[in-house]
1. Out of all the residues in the range 49-68, which are among the aliphatic types (A, V, I, L, M) and surrounded by 13 or more Cβ atoms within 10 Å (Cβ to Cβ)?
2. Which residues, counting only those in the range 75-84, are within 14 Å of the chain's Cα centre (by Cα) and surrounded by fewer than 16 Cβ atoms within 10 Å (Cβ to Cβ)?
3. So which residues in the range 49-74 are part of a strand (DSSP E or B) and either hydroxyl-bearing (Ser, Thr, Tyr) or within 11 Å of the chain's Cα centre (by Cα) (or both), if there are any at all?
4. Say we look at the range 1-48 and pick out the residues that are assigned to a strand (DSSP E or B) and touching a Cys at 6+ places or on another chain (Cβ under 8 Å); which of these is least open to solvent (accessible area, probe 1.4 Å)?
5. Is it the case that the range 75-86 has a residue that's touching a Gly at 6+ places or on another chain (Cβ under 8 Å), touching a residue at least 24 places away in the same chain (Cβ under 8 Å) and in a loop (DSSP other than H, G, I, E, B)?
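The values are calculated or read from the model by the stated rules, or taken from the named source; none is laboratory data. Not measured: the values here are computed from a predicted model. Backbone-built Cβ (ideal geometry, glycine too); neighbour counts: all protein chains shown. Surface areas here come from the heavy atoms of the whole protein model, side chains and all, with no ligands, DNA or RNA. Shrake-Rupley method; radii C 1.70, N 1.55, O 1.52, S 1.80 Å.
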Amino acid sequence: GYLKNVAEVEVEGRPQLRIGLKYGPKRKPVINKMTRVSKPGRRAYTKSKHVPVVRGGLGVAIVSTSQGLLPDREARRNGVGGEIVCEVW
């Protein structure tokens, strides 16, 4: 619910993704804050039962799992843990 559109474009002969973000009334961004959790100096891993709930369920944590990148709700539903990449709200 944070993205308006996604398109693959070529820049200098190399494919890149162009991502359009959603905005609400009065051009207020839908994403208020995004924080990086896992960093090169300190990786943050979690088990499936301990995947964090962001802002009481109003936000989303992105988890890198063996099934690919998943939102926190789907990782809990599938019973998989992994590296917590970032939190968005």
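1. Taking the range 49-68 and keeping what is among the aliphatic types (A, V, I, L, M), we get 51, 53-54, 58, 60-63.
Within the range 49-68, VAL51, VAL53, VAL54, VAL60, ALA61, ILE62, VAL63 meet the criteria.
2. Step one: of the range 75-84, the residues within 14 Å of the chain's Cα centre (by Cα) are 75, 82-84.
Residue satisfying the conditions is GLU83 alone.
3. Listed by number, the residues that qualify are VAL60, ALA61, ILE62, VAL63, SER64, THR65, LEU69, LEU70, PRO71.
4. Step one: filter the range 1-48 for residues assigned to a strand (DSSP E or B), giving 3-11, 14-21, 23, 29, 34-36, 39, 42, 45-46.
Imposing the further condition that a residue be touching a Cys at 6+ places or on another chain (Cβ under 8 Å) reduces the set to 34-36.
Details: MET34: 116, THR35: 39, ARG36: 143 Å².
Among them, the one singled out is THR35.
5. Step one: filter the range 75-86 for residues touching a Gly at 6+ places or on another chain (Cβ under 8 Å), giving 75.
Cutting the leftovers down to touching a residue at least 24 places away in the same chain (Cβ under 8 Å) gives us 75.
Keeping just the survivors that are in a loop (DSSP other than H, G, I, E, B) gives none.
Checking the range 75-86: not a single residue is touching a Gly at 6+ places or on another chain (Cβ under 8 Å), touching a residue at least 24 places away in the same chain (Cβ under 8 Å) and in a loop (DSSP other than H, G, I, E, B).
Each row is one residue, and each column tells you yes or no for (1) in contact with a helix residue (DSSP H, G or I) (Cβ under 9 Å, 6 or more places away or on another chain); (2) in contact (Cβ under 8 Å) with a residue 12 or more places away in the chain.
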site: ASN5; (1), (2): no, yes
site: GLY13; (1), (2): no, no
site: LEU17; (1), (2): no, no
site: LYS22; (1), (2): no, yes
site: LYS28; (1), (2): no, no
site: ASN32; (1), (2): no, yes
site: THR35; (1), (2): no, yes
site: PRO40; (1), (2): no, no
site: SER48; (1), (2): yes, yes
